[in-house]
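Before any comments, here is the structure.
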Amino acid sequence: MGRITLDKVTKRFGEVEVIPPLDLTIDDGEFVVFVGPSGCGKSTLLRLIAGLEDVSSGQIRIDGEDATQAPPAKRKLAMVFQSYALYPHMSVRKNIAFPLRMAGIDKAEQDRRIENAAKVLNLTDYLERRPGQLSGGQRQRVAIGRAIVREPAAFLFDEPLSNLDAALRVGMRLEISELHERLKTTMIYVTHDQVEAMTMADKIVVLRAGNIEQVGSPLTLYREPRNLFVAGFIGSPKMNLIDGAEAAKHGARTIGIRPEHIDVSPQAGTWEGTVGVSEHLGSDTFFHVHVDGMKEPITVRAGGEVGLHHGDKVYLTPQPERIHRFDDKGLRIA
Amino acid sequence: MATQHSRSAARLMMAPAVFVLLVWMLVPLIMTLYFSVLDYRPMRGAFDCCVGLSNYTSFLTSSAFLDSILVTLVMVGGILAITVVGGVALALLLDKPIWGQGIVRILVIAPFFVMPTVSALVWKNMFMDPVNGLLAHLWEFFGAEPISWLSDLPLFSIILIVSWQWLPFATLILLTAIQSLDSEQLEAAEMDGAPGYSRFLWIILPHMARAITVVILIQTIFLLSIFAEIFVTTNGAFGTRTLTYLVYQRVIESQNVGLGSAGGIIAVILANIVAIFLMRIVGKNLDA
């Protein structure tokens, strides 16, 4: 079980309010990702849930029980840190055994759980090594192993992949998703990388300056961003946001259209422009098109083999049903 | 990078320093070796060449020698124990954020700046004097009989004085070690359910192991040659005669330069044996 409820939780460091009153419910077995730019309070929020920081006011309930004042060890949560925080002087086996030893679990049961975790995480051959002798990905797995053996109510991940190189990150992303499928335990995952958020989450919580901007499934956030911030943050490359006369035509202050929802044609279309920089990824090509009368270039996704070059004239047509409209306050117009 | 030319220039420029260092080290050593095989007692006008190893045998077989070894071991061991345990405790305390941290840290370091002779005198006259000492007053305040420190507990008193001087050194090194500990490790241990003393035992102490061995190594090298504190307080009486002090007594008080030099060479050999053992232990610790 691992249902976590935050009820009007706030956090102040002296005069600075990092987290204004915040409500959030995380259901049992959910994979929730906190995402936002750096300094948005996502790590602080995770540390509040873990108990590593005290809340200034409000209540945290885990499985219905008030855990606001409970010390970290009593919350039945396990955390994987950004730096892995392995104990360098202990072997992998001892690292994984540490929480079990602290809980006073007998030796045979310890061994059984360690063997299990090692098998799940492919660590069996490395149990007698020290963390210093392992690669980044292996250390990451040891940190996860140390979390698994406790059989916690929920896992907390604090930017666990940010120290890994790009290829390894993709692999570990899959492994963590796989692990979640197998264990069905609640997981809370903090990242600033919206790709990680989109690929892994059941539910994404977008944060800005301690405020929740939107909560929803990855596709909900993609299809119906509630405001300009979420619209700009979710999706890669970023959504094109257009102000002024073009927006006014649609009865909005700002309109947004994703690069993949614009049709490109050399002959005719709504907007006329000139091709600027193009980025060829093989499967896709992203063109930055300078449209007459717009300040920012428009990013457009086209197929991998479209033969357009710098300086070519093109016509762009946004798919009308895919245009997002936002009002003066930056909120979505339904 | 280094060309043939620049390398020979470098050698040339280093030469004076190397030469001075060699002379500084070798001349006293060779003189001591030379004296140690002489019967050289200036006050009696004795200067007989080449008595062989008789100085060594008489130094090694005298009862004072074994006693002095024992005293040296107890003294060095005692000081090491107090400074390491106290240093760990103080470092843990000073690591906590407190008001006036900068000033407190400077105050803690202060004893290290006091010259050994001065601190021994201050301890002897200000604290340990059985009539006027502050400790005597303290004892009297609680209605106890004041201890005559330097005659009743001479060895312990010296250990106390030297420990006071070296505690800052240990604290300083151990404090930097604690500060280099990744706070996420402590938080991980906290999440893993380790209470405060377990975190200390399993995370902080192993992290400090390396610094502790360095403290032990450096202090041992310096503590083997304690002199001023003994000279000022007990003059080597009441069972506080260390090997260093014994050598001094043989040379200066007995005016037997030959015997003293032999003792000096023996002390050098013993100190090197200790150093080799310590280096091995430290080396092992530094590798890990």
### Bridge type composition, the protein assembly as shown - antiparallel percent by DSSP, nearest 5
75
## Note on the structure
Using eta = 1.306 mPa s and T = 10 °C, Stokes-Einstein with Kirkwood Rh from Cα pairs puts D for chain A, in µm² s⁻¹, at 71
### Message
Tell me which DSSP H helices of chain B clear both cut-offs, 20 Å or more of axial length from alpha-carbon atoms and a mean Kyte-Doolittle hydropathy of at least 0.0.
### Response
B:4-36, B:63-95, B:154-179, B:205-223, B:257-287
### Summary
Candidate span helices, chain A: DSSP H, at least 24 Å along axis from Cα coords, Kyte-Doolittle average at least -1.0, result A:166-183
### Message
For the range A:36-91, place one equal point scatterer on every Cα, skip the solvent, and apply the Debye formula. What is log10 of I(q)/I(0) at q = 0.16, 0.23, 0.27, 0.29 Å⁻¹?
### Response
-0.59, -0.97, -1.14, -1.22
### Summary
Per-residue ellipticity at 222 nm attributable to helices in chain B (runs of n ≥ 4 DSSP H, -39500 (n - 2.57) apiece, nearest 500 deg cm²/dmol) works out to -23000 deg cm²/dmol
#### Entry: Loop-resident sites, the range B:127-225, for chymotrypsin sites (Phe, Trp or Tyr not before Pro), counting at most 15 other Cβ within 10 Å (DSSP)
B:PHE142
### Task
Mind scanning A:LYS76/A:LYS184; A:LYS76/A:LYS107; A:LYS8/A:LYS74; B:LYS96/B:LYS284 and naming the pairs with a C-alpha gap bigger than 27 Å?
B:LYS96/B:LYS284
#### Entry: Dimensions in Å of chain B - Rg and Dmax from alpha carbons
24.0, 79
### Summary
Candidates B:GLN219, B:GLN179, B:GLN249; GNM for chain B (alpha-carbon contacts under 10 Å) flags as most fluctuating B:GLN179
### Task
Output the direction-averaged projected area (hull surface divided by four) of the convex hull of the alpha-carbon atoms of the protein assembly as shown, in nm².
45.8
### Task
Could you line up A:THR299, B:THR83 from fewest to most neighbouring Cβ atoms inside 10 Å?
A:THR299, B:THR83
### Summary
By the C-alpha gyration tensor axes a ≥ b ≥ c (rounded if a/c is under 1.5, else prolate when a/b exceeds b/c, else oblate), the shape of the range A:79-223 is prolate
### Query
How large is Rg over Rh for the range B:16-146, taking Rg from the Cα atoms and Rh as the Kirkwood inverse mean of 1/r across Cα pairs?
1.15
## Note on the structure
If A:VAL306, A:VAL190, A:VAL275 are placed from fewest to most neighbouring beta carbons inside 10 Å, the sequence is A:VAL306, A:VAL275, A:VAL190
## Note on the structure
Over chain A, the sum of -39500 (n - 2.57) across DSSP H runs of at least four, divided by residue number and rounded to 500 deg cm²/dmol, gives at 222 nm -8000 deg cm²/dmol
### Gyration tensor (alpha-carbon) shape descriptor, the range A:195-332, a/c threshold 1.5
oblate
### Other-chain or far-sequence residues with amide H under 5 Å of A:THR299's (modelled H)
A:VAL289
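Rule-based calculations on the coordinates, nothing more; no lab input. Bear in mind the structure is a predicted one, so any value in this text is a computation, not a measurement. Cβ atoms come from the backbone with ideal geometry, glycine included; neighbour counts cover every protein chain shown.
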